[in-house]
Amino acid sequence: MSAAWEAVIAVGAGTVVLKAVGPVGVAGRRLPARVNDLLTMVAPAILAGLVVTEAFASGRSLVFDARVAGLGAGVIAVLLRAPLWAVVVAGAAATALVRLLS
């Protein structure tokens, strides 16, 4: 078994253990309001970090290319309250147009 598969198995096992420990550790008690507020902000923060990383990074360098235009078009579509499919189409079309022109 390669080191990569060992790492995948270890991370998977760690995830299962953490998911099992959570309910056992809390055991029906309510979390403090501050902790609950912080936990509700974790998923959007991780998603925002992923979007920024995918839009502006290439390896270990900062890159501004067609993906930035697609992200900008998607943001504008969201601000205009477009449906999700329209946001995706706007982002893809803007990216494709910039790649075609460059």
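Solvent-accessible area per residue in the chain equals 80 Å², computed with a 1.4 angstrom probe and all protein chains kept. Against the main long axis of the alpha-carbon atoms of the chain, helix 3-26 sits at an angle near 60°. Helix 66-79 and the long axis of the chain differ in direction by around 80°, with both axes built from C-alpha atoms. For the pair residue 61 and residue 39, label points projected 7 Å from Cα toward Cβ lie 4.3 nm apart.
The share of Cα pairs per 5 Å bin across region 1-64, counted from zero up to the longest distance, runs 3, 13, 10, 14, 17, 17, 13, 8, 4, 1 percent.
Estimated from helical segments only, the mean residue ellipticity of the chain at 222 nm is -27000 deg cm²/dmol, where each DSSP H run of four or more residues counts as -39500 (n - 2.57). Axis of helix 84-101 versus longest Cα principal axis of the chain: the two differ by about 50°, to the nearest ten degrees. Carbon-plus-sulfur accessible fraction, the chain (probe radius 1.4 Å, protein heavy atoms only): 74%.
Classify region 29-102 as rounded, prolate or oblate, taking a ≥ b ≥ c as the square roots of the eigenvalues of its Cα gyration tensor: rounded when a/c is under 1.5, otherwise prolate if a/b is larger than b/c and oblate if not.
oblate
Show me the trypsin sites (Lys or Arg not before Pro) within region 10-67 that DSSP assigns to loop and that have at most 14 other Cβ atoms within 10 Å of their Cβ.
29, 30, 60
The values are calculated or read from the model by the stated rules, or taken from the named source; none is laboratory data. Only a predicted model underlies this, so the values are computations on that prediction, with no experimental measurement involved. We place every Cβ from the backbone using ideal geometry, glycine too, and count neighbours over all the protein chains shown. Surface areas here come from the heavy atoms of the whole protein model, side chains and all, with no ligands, DNA or RNA. Shrake-Rupley method; radii C 1.70, N 1.55, O 1.52, S 1.80 Å.
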